[in-house]
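Written out below as structure tokens is the structure these notes cover.
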Amino acid sequence: MFPFCFEWSWDISHLVFMGGLWYALSIIGAGMTFAIVKSLFDISGGHGGHDDNHDHSHH
Amino acid sequence: MNETPLIHAGVKRCSKWQFSLWMAGVTAVLLWGVYAMFLCWFKGLNQTNMNDAYGFALWIWADLAVIALGGGAFFSGFLTYIVGKDELKNIINYAVIIGFICYSSALLILAIDIGQPLRGWFIFWHANVHSMLTEVAFCLSCYFAVLTIEFIPLILENPKLERKPFLHHLSHNMHGIMAIFAATGVFLSFFHQGSLGGVAGVLFGRPFAYREHIFIWPFTFFLFTWSAAACGPCFTILVTKITEKITRKKLVKDNVIHLLAKISGWMLLTYIIAKTADTLYWAMVTAPNAGFTLMDFYASPTYNIGLLFAEIVLCGFIPGLILITKRGRENAFLLNTAIVLAVIGVSLNRWVMVLQVMAVPVFSFNDWYTYLPSWQEVATTVLPVAYGLIVISLAHRYLPVFPQEKELNPVK
Amino acid sequence: MKEQNSHTNAKRYGMVIDLDKCTGCGACMVACYSENNVPFKTDETNKLDSINWIRVYKLTNNKPYPDTEICYLPMPCMQCDGIGKHGHSPCVSVCPAVATDYDYDTGIVSQIYTRCFGCRYCMAACPYHARKFNWWDPKWPADTEKYLSPNVSPRMRGVVEKCSFCFHRYQLAREKAYLEKRQKLEEQEYQTACTQACPVGAITFGDLNNKDHAVYKLKNDPRAFRLLERLQTNPKVYYLTSKNWVRRAGDNYLAHEEPGNITKVKEHH
């Protein structure tokens, strides 16, 4: 799974397979980080409990 | 200060008592499964009726089946966010919840199925990148993460949670980039659905399972992805219909169901044509090369040629043809028949690709192997169903799963 | 190819079992149980969940008396070389955690018990049913635990095990050779327990690449065949028989096919 695991080898199979895995994980991780960080900015920006673009108004 | 209600305004839900009673019943079944699960974990797999000839059995079938049926999530996600079929936004939430239930169930069953559950992480840590099962484990876990991410915004829309500014924004921001998650989910699903097909297709020691390869992938790789994309949405429609029956109200408009059914129908029909071609090539070239005729594989009273007919014609061509015709889709009886057949068909395919593979004798001097699951296996397979019912019940009661519900069921 | 291999250091340990000699006494199985600490159940009636690294099958030609013939066929792990003889045996290629591996120095397929997490995919992959699952923790009656072989680790519940061609004997022989500053192992220095236990000498074991080893010649005997050769598993266990029905039983053939012809086609390719 990691290059420091003893059975790791820098061959094409490992690169393609693990490349795909880490690529997917990076997108998931980056996406979630973006959403969380942006939400933190949004609340510190004084937007409070609702959002102008959100069509799901409840107030 | 007024307490925010847990249930959305403007929708009708059953009474607390009715809901509690229903939940108690389902929980009892769940606990039965949990008891069996702990038996398997503490006493080992001797609690099952598996044996050395039947190393893969009911659980692996359940795994393959729920993942195929949960395929509605990735394919509907693909259609909604990537192809841009906006109508499907009215059913995508439910598709995601069903997918979430299916995938979490699959992971749980796998955790019971392995002989040394505490070593389960070895599949990641010591990954053999050539094994189809490794790919399944990786993509399955990653895709489960994606499904969780797709489910979270919906959970955050619960009136109580939505009051919290951070959660409100988080839900909104996650919605905003959902297409990216959906695309990742499609990528992951393509591979793990395929790899599940590869699990059987690469077994060159098992002539019943083995299929010719395209590059490194056996035909079953593509057939499994294709059938999951075709039949997964049928399962989403089926569960929606059942939910509508139980809640006694219409939750999704017909045009949405018909659109999904139409796409499913074309996927199913093209899949079953490809499956027929694969079966013919296998029966006429692959199997004879290993010294088998087609009928050698269907020479048991249980596993007879009727199964192949049921899978391809009865549960393949027939529902496919019903769903591609406007009249078939719009007739409630035909539509329901078609989606039930499609769901049975894909489950049957997974059954055959797991249990019949084990049953067929490879040695001419061996007999067919037989297997009947133990109650512990049955209970642990029923467990996810009970768990699914609980999640759906909670989701329907407390979350805005169906955007069209209020419009279709105005509260007087 | 074969000639080339015999001059390189890479060994391909294999076995030749003469079915014309085998009496079905089961001494090989007993020796194997004791040598490899193979666990057993109190009641061994159900053979489908009992563990044996070598199992003697009883084959019959299905003809009525007086034409009835019986053949006993001992079946250890075939230590398959896999398609194209690249070491991708049916089981090694599927194991998700590399708990079973093909050793390119000896051609022996290993099983790492502490690595195996019991998914049983290898069992599904193996057409020879050579792989057995530990459905229970081993129970050694009375004092037998004291007499377990110290060279072979006993297995725990929930993992797969199989014949290792007594690999620990290979390791011991290598250690001895190392101390004696030798590179080469003599044929008799490394022999499996079943080979030595067979009272009629039906089992011959050695390096299939080494011209000086008996198996080298025996595998080219006109009576030689391998089980399920058509699946291209490339087993390293050969069988000898003078009976055509036995040979036919060892693989699958369409009605019009004859064992000899099919094998020739495969060899040619």
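Take each residue of peptide C:243-254, count the partner chain Cβ atoms within 10 Å of its Cβ, and average: the result is 3.
When each of the peptides B:127-138, C:56-67, B:227-238, B:210-221 is scored by how many other beta carbons lie within 10 Å of its residues on average, the order from highest to lowest is B:227-238, B:127-138, B:210-221, C:56-67.
Built from the Cα atoms of region C:2-268, the convex hull projects on average onto 15.9 nm², one quarter of its surface area. Computed about the Cα centre, the dipole magnitude for the protein assembly as shown is approximately 880 debye when only Lys and Arg (+1) and Asp and Glu (-1) carry charge, each at its Cβ. Per residue of C:146-152, other chain Cβ atoms within 10 Å of the residue Cβ number 0 on average. In straight-distance terms, cross-link reach from B:Lys249 covers every one of the lysines whose alpha-carbon lies under 18 Å from its own, apart from those fewer than eight places away in the same chain; here that gives B:Lys12, B:Lys241, B:Lys406, B:Lys412.
Residue-normalised convex hull volume from the C-alpha trace of chain B: 157 Å³ per residue. Sorting B:91-99, B:396-404 by their mean Cβ neighbour count within 10 Å, with the most densely packed peptide first, gives B:91-99, B:396-404. Of interest is the spacing of the C-alpha centroids, which for region B:258-320 and region B:99-157 amounts to 29 Å. Using a cutoff of 8 angstrom between alpha carbon atoms and counting only pairs six or more residues apart, the relative contact order for region C:10-142 works out to 25 percent. Only helices enter the 222 nm calculation for the protein assembly as shown: every DSSP H run of n ≥ 4 contributes -39,500 (n - 2.57), and dividing by all residues gives -15500 deg cm²/dmol, rounded to 500. Report, by chain and number, residues whose modeled amide H sits under 5 Å from the one on C:Val237, excluding near sequence neighbours (fewer than 5 apart, same chain). For C:Val237, whose amide H was placed from the backbone, the distant partners under 5 Å are C:Met15.
Sorted on the mean count of surrounding Cβ atoms within 10 Å across their residues, most packed first, peptides B:315-323, B:366-374 read B:315-323, B:366-374.
Each residue of region B:213-218 is assigned a 3J(HN,Hα), and the resulting list reads 10, 10, 6, 9, 10, x Hz, derived from the Karplus form 6.51 cos²θ - 1.76 cosθ + 1.60 (θ = phi - 60°), x at Gly and Pro.
Projected over every direction and averaged, the convex hull enclosing the alpha-carbon atoms of region B:115-163 yields 5.0 nm².
Would you mind getting me the FRET efficiency between B:Lys164 and A:Ser9? Use the beta-carbon distance for r and R0 = 51 Å, nearest 0.05. Between B:Lys164 and A:Ser9 the formula returns 0.60.
Residue-wise HN-Hα couplings along region B:305-314, as the Karplus relation 6.51 cos²θ - 1.76 cosθ + 1.60 with θ = phi - 60° gives them from phi, are 5, x, 5, 5, 4, 4, 5, 8, 8, 5 Hz; Gly and Pro carry x. Please list, in chain and number order, the residues 5+ apart from C:Ala10 or on another chain whose amide H is under 5 Å from its amide H, with Hs placed from the backbone. Placed amide hydrogens put nothing under 5 Å from C:Ala10.
Shape descriptor for the protein assembly as shown: Rg over Rh equals 1.03 (Cα atoms; Rh from the Kirkwood inverse mean 1/r).
Work from the charge dipole of the protein assembly as shown (Cβ charges, +1 for Lys and Arg, -1 for Asp and Glu, about the Cα centre) and give the residue of C:Ala249, B:Leu383, C:Gly82 farthest towards its positive end. After comparing all options, I get B:Leu383. Helix B:132-155 and the longest principal axis of the Cα set of chain B meet at an angle near 10°. Axis of helix B:165-176 versus longest Cα principal axis of chain B: the two differ by about 50°, to the nearest ten degrees. Between 0 and 90 degrees, the angle of helix B:178-201 with respect to the longest Cα principal axis of chain B falls at about 20 degrees. Other protein chain C-beta atoms within 10 Å of residue C-beta, averaged over B:108-121: 4.
Relative to the 2.2 N^0.38 Å rule of thumb, region B:158-200 has a C-alpha radius of gyration ratio of 1.78. Remark: region B:82-95, residue by residue, has Karplus-estimated 3J(HN,Hα) of 9, 6, x, 7, 5, 4, 5, 4, 7, 10, 4, 4, 5, 4 Hz, where x stands for each Gly or Pro and the curve is 6.51 cos²θ - 1.76 cosθ + 1.60 at θ = phi - 60°. Positive-end ranking of B:Tyr210, B:Gly176, B:Pro233 along the dipole of region B:25-406, with charges on Cβ about the Cα centre, is headed by B:Gly176.
Laboratory data are not the source of any read-out in this text; all were calculated from the coordinates shown. Since this is a predicted model, take the numbers as computed values, not measurements. Neighbour counts are summed over all protein chains in view; Cβ atoms, including those assigned to glycine, are modelled from backbone coordinates with ideal geometry.
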